[in-house]
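Peer 1: I'd like to ask you about the structure that follows.
The values are calculated or read from the model by the stated rules, or taken from the named source; none is laboratory data. Keep in mind the model is a prediction, meaning the values are calculated, not measured. Ideal geometry is used to build each Cβ from the backbone, glycine not excepted, and the neighbour counts take in all protein chains shown. The area values use the complete protein model at the heavy-atom level, side chains included, leaving out ligands, DNA and RNA. Shrake-Rupley method; radii C 1.70, N 1.55, O 1.52, S 1.80 Å.
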Amino acid sequence: MTNQNTEITNAEWEEIILRLQSYTRKLVKEKGWFRGDGTATFLSGKEIDDYVFEAIGRHLKNPEKHDPSKRSLIEYLKKHVIRSLVSNDLVSAENKTASNLFAYENENEDEDDSAPFLDSILPHAEVFFDQEIDFKEIMCYIESEVKGDTIVENIFLGISGYGLKRAEIMEEFNMTPVEFDNGMRRLITIRGKAAKKYDIKK
Amino acid sequence: MSNNSKYSKADFIRFVMSTVEHVSSDKEKAKEFLSAEGLDVDSIISDGMKRLKRLKMQIEAEKTKAEMLSAEEAKQKASEWVDDLLSKIDFSLPELVREEELTMSFRNIEKLSQDDIKKILVKHFTLKFLEEQAKRQ
């Protein structure tokens, strides 16, 4: 992906828009896993598009805030701008019940934080976790569902057991990118079944 | 709550959040996810590019407005600065020309009216203040 000193092409903008749309949509949807019931309303009045283009607009106004030597523009927009916008709304007055793991890192938006999102949220997530969700039972259920499908088993183990990322899982378990992506799709399907079984609201 | 599980809350969170990264890790996965959500990917792109164009124009207009405002402020400051300079008893134009490295024909200095001098100096200091402002930014 390009850096701030070169003109971003239309093709690159198309990729940015699509990836930010997916990231934001999924990020917003995941709240059901952490906040349990009664969370049907979310960030009222705002569409996914609003977050995406607010993030892009902030970059266009202040491109110097993105340091391409540290992270790509998409990673910067995802983890430093959109996440911050979403968490701001989560802790706003109309979402007072929304104290959750998206919110804690707000004050660090402009810091040089290259740590992956998951690594950075874990120490803080405990405080905000919805106690009503029996995560151990859900994890046991998923573990039993992935049994017999070695690829999915390894991905599940890699992510949940060892905190590995895509490239690390592929290397550790000698997996091709296609095998990983297909396995991840199957894991997401299983996760969907778990959400249904445990009545996780989206 | 099941107590015999080897998984912690952190493991659970890590697992749940892993899909956020997965669906946005490249263009194809993003397209796949958005299509699975029942969304029209082509429309997202075309609407998005239109919105981007509007956004760029809006930001450009804001920048132009801010620059014009900034130039006005610099001119006002320069005007006050020059008034102050000219009101000093010991003011010497040739000395100022040397200090400020002004490009001016010394042969014509004596022929300049007070208004001409003021106009030249206001222009010079306006540019100087704008340059200083740009350096600070």
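Peer 1: If a residue must be touching a helix residue (DSSP H, G or I) at 6+ places or on another chain (Cβ under 9 Å), away from every other protein chain (no Cβ under 14 Å), at pLDDT 85 or above and open to solvent by 30 Å² or more (accessible area, probe 1.4 Å), how many such residues does region A:33-71 contain?
Peer 2: The total comes to 3.
Peer 1: May I ask you to list the residues in region A:173-191 that are in a helix (DSSP H, G or I), more than 10 Å from chain B (Cβ to nearest Cβ) and closer than 20 Å to B:ARG14 by Cα?
Peer 2: Passing the criteria: A:ASN182, A:GLY183, A:ARG186, A:THR189, A:ILE190.
Peer 1: For region B:63-79, how many residues are under 15 Å from B:GLN114 (Cα atoms) and open to solvent by 70 Å² or more (accessible area, probe 1.4 Å)?
Peer 2: 0
Peer 1: Would you please list the contacts, defined by Cβ atoms under 7 Å and residues six or more apart or on different chains, that run from a residue in region A:144-168 that is over 12 Å from A:GLU179 (Cα atoms) to a residue that is of a type in the set (Phe, Trp, Tyr)?
Peer 2: Pairs that qualify, where the first residue is over 12 Å from A:GLU179 (Cα atoms) and the partner is of a type in the set (Phe, Trp, Tyr), are A:VAL146/A:PHE156; A:GLY158/A:PHE173; A:ILE159/B:PHE15; A:SER160/B:TYR7; A:SER160/B:PHE15.
Peer 1: Restricting attention to region A:171-190, report how many residues are open to solvent by less than 70 Å² (accessible area, probe 1.4 Å) and over 21 Å from the mean Cα position of the chain (by Cα).
Peer 2: 3
Peer 1: Same structure again: Where the second residue is in a helix (DSSP H, G or I) and at pLDDT 95 or above and the first is more than 8 Å from chain A (Cβ to nearest Cβ) and lies in region B:27-54, which pairs have Cβ atoms under 7 Å and are six or more apart or on separate chains?
Peer 2: B:SER35/B:VAL41
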